[in-house]
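The values are calculated or read from the model by the stated rules, or taken from the named source; none is laboratory data. Being a predicted model, the structure only gives us computed values, none of them experimental. All Cβ positions, glycine included, derive from the backbone under ideal geometry; neighbour counts span all protein chains shown. Please note that ligands, DNA and RNA were not included when accessible areas were found on the heavy atoms of the full protein model with its side chains. Shrake-Rupley method; radii C 1.70, N 1.55, O 1.52, S 1.80 Å.
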Amino acid sequence: IRINPRIRINNHLFFQYILAYEKDKNQFGWLANLENQNILFSRRQQKTLTNKLIVNQTFSTKSNIELTIRHYWSTLINSSYYNLQDDGYLESNITNEDNYDINFNSWNIDLKYSLEFKPGSFISLVWQNQLSNQSEQIENIFLRNINDLFENPSSNIFSIKFTYYIDIQEYINK
C-alpha cells in the first residue's frame with residue numbers, strides 16, 4: 001500500500017507526504033552466522049512502514065530550501081529456522097532456542113539549502129540528523145515504538161558541497 005499526496009500551496013511552497021506499508025509472508029532469508037560455523041536461515045514475516053514528509057520552499061529561481069523527515073520501521077518475525085548445508089540446500093533446525101526476531105527503526109531529518117551562484121554552479125549547505133535502533137523485542141504499538149526509538153542517541157552531520165561548472169569551450173575558443 002502506498003499513499004503519496006502532494007500539495008502545492010503556491011509557486012514557492014510544496015508539501016509531499018509518503019506513507020508506504022509492505023507485508024511479506026513466508027519470506028526466506030539469511031539470519032545469522034552461528035558460533036558452530038552453521039549459517040542460519042529463517043522463514044519469516046516482514047512488515048515495513050515508512051512515513052516521509054518533504055517540504056520544499058523556493059525563494060527564487062536560484063535558491064531553495066528542502067526539509068525531509070523520514071521514519072522507517074521494519075519488523076521481522078521468524079516462524080522456522082534452517083541450517084545451510086554444504087550442498088546449498090536448507091535443513092530444518094528445530095533445536096534453535098534463540099530469539100532472532102528484529103524490530104528496526106530509523107529516523108532521519110535532512111535540511112538542505114541550495115544556491116545557484118552561476119549557471120551550473122551551486123553551493124549547498126546540508127544538516128542531517130540520524131537515529132536508529134534495532135532490538136529483538138517486537139513492539140506492535142506505533143507510539144510505544146517511536147518512544148523507544150527516541151531514547152537512543154542521535155548523530156548530526158553538517159556538510160557543505162561546492163559544485164563549479166567550467167565551460168572548457170569558453171577557454172579553447174579564446
- Among the numbered conditions (1) in contact with a Ser or Thr (Cβ under 7 Å, 6 or more places away or on another chain); (2) at pLDDT 90 or above, tell me where residue 84 comes up short. (1)
- Message: Can you tell me which residue is farthest from the chain's Cα centre (by Cα) among those in the stretch 94-123 that are in a strand (DSSP E or B) and surrounded by fewer than 13 Cβ atoms within 10 Å (Cβ to Cβ)?
- Response: 118
- Task: Considering each of 37, 16 in turn, give the residue that is over 28 Å from residue 152 (Cα atoms) and either at pLDDT 95 or above or open to solvent by 80 Å² or more (accessible area, probe 1.4 Å) (or both).
- Result: 37
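Out of curiosity, is residue 91 assigned to a loop (DSSP other than H, G, I, E, B), closer than 30 Å to residue 34 by Cβ and free of Cβ contacts under 8 Å to residues at least 40 places away in the same chain?
Here the answer is no, as residue 91 does not meet what is asked.
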- Query: Residues 75, 48, 68: which one is among the polar types (S, T, N, Q), touching a residue at least 60 places away in the same chain (Cβ under 8 Å), open to solvent by less than 40 Å² (accessible area, probe 1.4 Å) and touching a strand residue (DSSP E or B) at 6+ places or on another chain (Cβ under 7 Å)?
  - Reply: 75
- If you scan the stretch 1-33, which residues turn out to be assigned to a strand (DSSP E or B), over 30 Å from residue 96 (Cα atoms) and aliphatic (A, V, I, L, M)? 3, 7, 13, 18, 19, 20
- Show the residue pairs that are 6+ apart or on different chains and have beta-carbon atoms under 6 Å apart, the first residue being within the stretch 28-39 and closer than 15 Å to residue 88 by Cα, the second being open to solvent by 100 Å² or more (accessible area, probe 1.4 Å) and assigned to a loop (DSSP other than H, G, I, E, B). none
- Message: For the stretch 152-174, give me the residue count where each residue is outside any loop (DSSP other than H, G, I, E, B) and in contact (Cβ under 8 Å) with a residue 12 or more places away in the chain.
- Response: 9
- Task: Output the number of residues of the stretch 148-163 satisfying the condition of being surrounded by 10 or more Cβ atoms within 10 Å (Cβ to Cβ), among the aliphatic types (A, V, I, L, M) and either touching a Gly at 6+ places or on another chain (Cβ under 6 Å) or at pLDDT 95 or above (or both).
- Result: 1
